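The values are calculated or read from the model by the stated rules, or taken from the named source; none is laboratory data. Remember, predicted model here, so these are calculated numbers, not experimental data. Positions of Cβ are generated from backbone atoms using ideal geometry, with glycine treated the same way; all protein chains shown enter the neighbour counts.
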Amino acid sequence: MWWEDKIMRTFRCRLRQAPGVLGRLLSAFGDEGGNVGEITMLRMGSTHTLQDIVIFADDEAQLERLVRVIKGYPDAELLEIRDDVLEMHQGGKIAIRSRYRINTLEELRRVYTPGVAQVCLKIKNEPRLARRYTAIRHFVAIVTDGTAVLGLGDIGPLAAMPVMEGKASLMETLCGLSGVPVLLNTKDPDEIVETVVNIAPTFSAIQLEDISAPRCFEIETRIQERVPIPVMHDDQHGTACVVTAALLNVAERSNCGALKNCRIGQIGLGAAGMAIAKMLMYFTGKPVLGTDLSEAALERLEGYGGKRSTLKEIMAVSDIVVATTGAPGLIKKDMVKKGQIILALSNPHPEIEPAAAMAAGAAYAADGKAVNNVLGFPGIFRGAVDADVPRITQDMLIAAARAIAEAAPSGEIVPNPLDRALHKSVARAVARVALEQGLNRDDLTGYFD
C-alpha cells in the first residue's frame, strides 16, 4: 500500500468554526506534498471545533514543513502531535494474566498452597504430567541477543524487545500460544546455548529470533541437540517456508510451469538466504545458484549441495531470483531478464522495487512486505507443540509451505496473514507430518477432524 513507507502522525487541532477553515488547511497540507488520512471530529463548539487529522509524510523534513503549515495557519491551533505507533507500545504489548479469579480463601488454597503441592508431587513422580497441569504446554520462548533485528542490524537485546513483543502478540492472536520474550545480554554462542538449554524446561518450544549469521547456524544446531523440544530460528526457517509457499504459486505463472522445473538463484547467503536455498534444494532436488560477499557462506552453500555463482550470472540465467542482501538498489533494471520472477526481500528497502522490476520485464516481482514470515511461524509452532515433537523437520516445513500456498486466494501468491483458518491449516499440516514420521509424543486423536 502507498502509505506503508510513509511517516504517519495525528495532528490534534483546534479550528475556528467557520466555513472553509478546514478545507483551506487541507489544501495547505496538499501544497506541501502531504497526504491527509482520517479526520475525526472530537468536539464541536459554537466558536471552535476539536479535530484529529491523520497526516502522511515522506520523511521527517516534510513532516516538519507540515507542522509549520498548521502553526502558521491563523484559524488553527496545533494542540498535540500524536504518534499512534508509540502510543500502542506504551506499557508494552503483552502481559501474563491469571486464567482464574482468586476472590476467596478456598480459591486461593486450590490455586496456591496447600492444594498446589498435590500437583507438584504428581509431576515429580510423572514428569510428563507437566504438559497437562501447567502452562508449559502453550509456552514458547522467543529468544534474541538483538544482533540482527529487522533491517536495523545489531541494536542490542533491549531495543529488540518491541519486536519480540510483536512476535508474542501475533503468536497468541493467531494460534493461541503464549510467546515469552527472553532477552540475552550476551553475544557469546556458548553463553547463549547454555542459557537457553537451562531455561528450556519452562517451554514447549524455542523460537530463536534476530540472531546474526553465521552464529545463528551453530547456536540453533547446538541447542536442538541438547533439548527434547523443537527449536526453530524463525529468520531462517520461517522465512524459507513462506518464500517457498509464494514460489509454489508464482511459478505457475512463469515459463517453468512448476517450481521443480525452475532454475533458482539466491542472492545473499545470510540466515534467511541460506535457509531459503536449502529448502528450495530439498524441495526441487536441484542445486540453487548462490552468491554472497562471504567466502565462508559460499563454502557452506556448496556443502549443502548448492553452486557458487555471481550476481551477473544469477540475473542472466535464473528463472527465479530471491534476494536477501540488505543492500537497497543492488539489482539494476538492466539486469532483469524478461519473464523472470524476482523476490527482493530485504526490509525496509528491497534490492529492486517491484514496480521497477516489472517495468524492466519481470513476469512477477514482490518485496518483503508481501512475503512475510508471520504467515508461517504461528502455525508451525502450534502444530509442533500440539504434536509434542522433539524437533521440526524439513518435511514439516514443506507441508507448512504447501498449506500456505493452498490458502492463497485466486490471483494472489500468499494469503492474508490475519486469516485464522490459514494458521489452523498450517498447524494441522505440520502435525500430520509429525504423525506420519512417528515423531509425535502426544495423542492427536480428533486433531484432524
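Given the criteria touching a strand residue (DSSP E or B) at 6+ places or on another chain (Cβ under 9 Å), assigned by TED's automatic domain parsing to the domain that holds Gly20 and on the phi < 0 side of the Ramachandran plot, does Asp83 qualify?
yes
Kindly establish whether Val143 is at pLDDT 90 or above and within 29 Å of His233 (Cβ to Cβ).
On the way: at pLDDT 90 or above: yes; within 29 Å of His233 (Cβ to Cβ): yes.
Answer is yes for this residue.
Every residue in the stretch 329-346 that is loosely packed, with under 15 Cβ neighbours inside 10 Å and closer than 24 Å to Leu152 by Cα, please. Even if it seems obvious, please write down each step before you answer.
Quick first cut of the stretch 329-346, residues loosely packed, with under 15 Cβ neighbours inside 10 Å only: 329, 332-334, 338-339.
Within the stretch 329-346, Gly329, Lys332 meet the criteria.
Quick one: which residue in Ser309, Ser318, Ser254 is of a type outside the set (Lys, Arg), touching a strand residue (DSSP E or B) at 6+ places or on another chain (Cβ under 8 Å) and under 19 Å from Ile413 (Cα atoms)?
Result of the check over Ser309, Ser318, Ser254: Ser254.
Of everything in the stretch 142-160, what is touching a residue at least 40 places away in the same chain (Cβ under 8 Å) and touching a Gly at 6+ places or on another chain (Cβ under 9 Å)? Give them in sequence order.
Ile142, Asp145, Gly146, Thr147, Ala148, Val149, Gly151, Asp154, Ala160, listed by residue number.
Of the numbered conditions (1) crowded, with 18+ Cβ neighbours inside 10 Å; (2) under 25 Å from the mean Cα position of the chain (by Cα); (3) in contact (Cβ under 8 Å) with a residue 60 or more places away in the chain, Asp319 fails exactly one; give the number of that condition.
Among (1) crowded, with 18+ Cβ neighbours inside 10 Å; (2) under 25 Å from the mean Cα position of the chain (by Cα); (3) in contact (Cβ under 8 Å) with a residue 60 or more places away in the chain, Asp319 violates only (2).
With the condition kept exactly as written, say whether any residue in the stretch 34-56 is within 15 Å of Asp75 (Cα to Cα), of a type in the set (Phe, Trp, Tyr) and in the same structural domain as Leu79 (by TED's automatic domain parsing).
no
Just one of (1) among the basic types (Lys, Arg); (2) more than 22 Å from Ala355 (Cβ to Cβ); (3) crowded, with 16+ Cβ neighbours inside 10 Å trips up Lys6, so point out which.
(2)
Per-residue answers, yes or no, for (1) among the acidic types (Asp, Glu); (2) closer than 30 Å to Gln207 by Cα:
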| site | (1), (2) |
| --- | --- |
| Leu105 | no, no |
| Gln118 | no, no |
| Glu126 | yes, yes |
| Thr134 | no, yes |
| Phe139 | no, yes |
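Of the residues that sit in the stretch 136-148 and are more than 16 Å from the chain's Cα centre (by Cα) and not in a loop (DSSP other than H, G, I, E, B), which one is surrounded by the most Cβ atoms within 10 Å (Cβ to Cβ)?
Ranking the qualifying residues of the stretch 136-148, first place goes to His138.
Only one residue in Ala251, Ala275 is within 20 Å of the chain's Cα centre (by Cα), more than 18 Å from Glu313 (Cβ to Cβ) and not assigned by TED's automatic domain parsing to the domain that holds Ala403, so which one is that?
Ala275
Which count do you get for residues in the stretch 30-53 that are buried (at least 18 other Cβ atoms within 10 Å of the Cβ), over 34 Å from the mean Cα position of the chain (by Cα) and under 18 Å from Asp83 (Cα atoms)?
1
Which helices (runs of 4 or more DSSP H) sit wholly inside the stretch 335-424 and have at least 3 residues that are out of contact with any Leu (no Cβ under 7 Å at 6 or more places or on another chain), within 27 Å of Ile267 (Cβ to Cβ) and not basic (Lys, Arg)?
354-359, 394-407
Within the bounds of the stretch 149-156, is there any residue that is more than 30 Å from Pro189 (Cβ to Cβ) and assigned to a loop (DSSP other than H, G, I, E, B)?
No, the stretch 149-156 has no match at all.
What helices (runs of 4 or more DSSP H) completely inside the stretch 199-287 contain at least 2 residues that are surrounded by fewer than 21 Cβ atoms within 10 Å (Cβ to Cβ) and acidic (Asp, Glu)?
Details: elements: 215-226, 239-250, 271-284.
Once the helices (runs of 4 or more DSSP H) in the stretch 199-287 are filtered for at least 2 residues that are surrounded by fewer than 21 Cβ atoms within 10 Å (Cβ to Cβ) and acidic (Asp, Glu), what remains is 215-226.
If you check every pair at least six apart or on different chains, which have Cβ atoms under 9 Å apart with a residue in the stretch 407-418 that is crowded, with 17+ Cβ neighbours inside 10 Å first and a residue that is part of a loop (DSSP other than H, G, I, E, B) and modelled with pLDDT under 90 second?
Correct list of pairs: Ile413/Ala370; Ile413/Val371; Val414/Ala370; Val414/Val371; Val414/Asn372; Pro417/Asn372.
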